[in-house]
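Below: the structure, in C-alpha cells.
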Amino acid sequence: MIWVFVAGIVAVVVAVPLAGKVWLAGFQPLTAGGSRPYATSSTDAWEVASFLIDGRAFMVKNDYGATLTLHQEIHNASSRSIKIIDPGPALADWRQSHAPCLWQPVRAQFTAVDEDAPAPALEVPFRLEPGESIMLELIGRIGEPGCDGPKSAFTGSEIDVPLRFSVFGISRTQSIPLGLTIWETDEPERGLGLDIRKLEAD
C-alpha cells in the first residue's frame, strides 16, 4: 500500500502548484474606478458623441508626434495587496500589436489620490493595498515613424490600458478596458454629425 501513499503525495504536490497557477491566471485585481476617463492634448482634439460610435470616443487631428494624454483612476478591487511595477514592457507590447499610425502609449505616470492635499507622484514599484486607488496619467503619441500617407477617413483603436503588477513575487500584466476609442483624422471638419466638445490643452 506504500505505492498508494506515495501516489497520493505526488498528486498533492502536483495539484497545489497547478491550482496556484490557475488562480493567478484569473487574478485581475485592477479596475477603472472613480469618474470616467478624461483627456488632454497638445494638438486639436475633441470628445465626440454620435450614433455611429459605441461608447465614448476622443477624436484627434493627425498631427504626427503630438500627444493625447488619458487621465484615469485605477482601483485595487481585490482583497490582496499588490505591487505596481514598471509598465514599460506592457506599453511596448501594446505598440507592437497596433498600427504605428494610431495613438501609441509611450509613458505612464502615477499619483496618489488625495482630495485634501496636492497629490504626490508615485515611483514604481509601489504597493497598492486592497480598496486603494491611484491616478494614472497615460501619455500617448500620434503617428510614430512608419506612417504612410494621410488618413482621409476616421481610423481608431479601442483603449485597454495594459498595466503590470506583482503578487507573491510573480509579475503579471492586466489590460483594463476603459470603454473608450481614440480616433485620428486629417479631416475633423467633416464631422459626420458628431456632437463635439474640444479637449483642454496639455
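Readers should treat all values here as calculations from the given coordinates under stated rules, not as data from a laboratory. Keep in mind that this is a model prediction, so the values were computed, not measured. Neighbour counts run over all protein chains shown; Cβ positions are idealised from the backbone, glycine included.
Extension gain for Val167-Ser35 works out to 44.9 nm (0.36 nm per residue, less the C-alpha to C-alpha distance). Label sites at Tyr64 and His98, each approximated as a point 7 angstrom past Cα along Cα to Cβ, lie 1.9 nm apart. Qualifying trypsin sites (Lys or Arg not before Pro) in segment 39-89, where qualification requires a DSSP coil assignment and no more than 16 other C-beta atoms within 10 Å, comprise Arg80. For segment 31-112, chymotrypsin sites (Phe, Trp or Tyr not before Pro) are listed when DSSP marks them as loop and at most 14 other Cβ atoms sit within 10 Å of their Cβ; the list is Phe51, Tyr64. Here the alpha carbons of segment 32-103 define both size measures, Rg and Dmax, at 15.3, 43 Å. On the basis of the beta-carbon distance and an R0 of 30 Å, Lys83 and Glu200 show a calculated FRET efficiency of 0.40.
May I ask for the percentage of alpha-carbon pairs in segment 79-142 that lie more than 14 Å from each other? Counting pairs separated by more than 14 Å, the tail of P(r) holds 63 percent.
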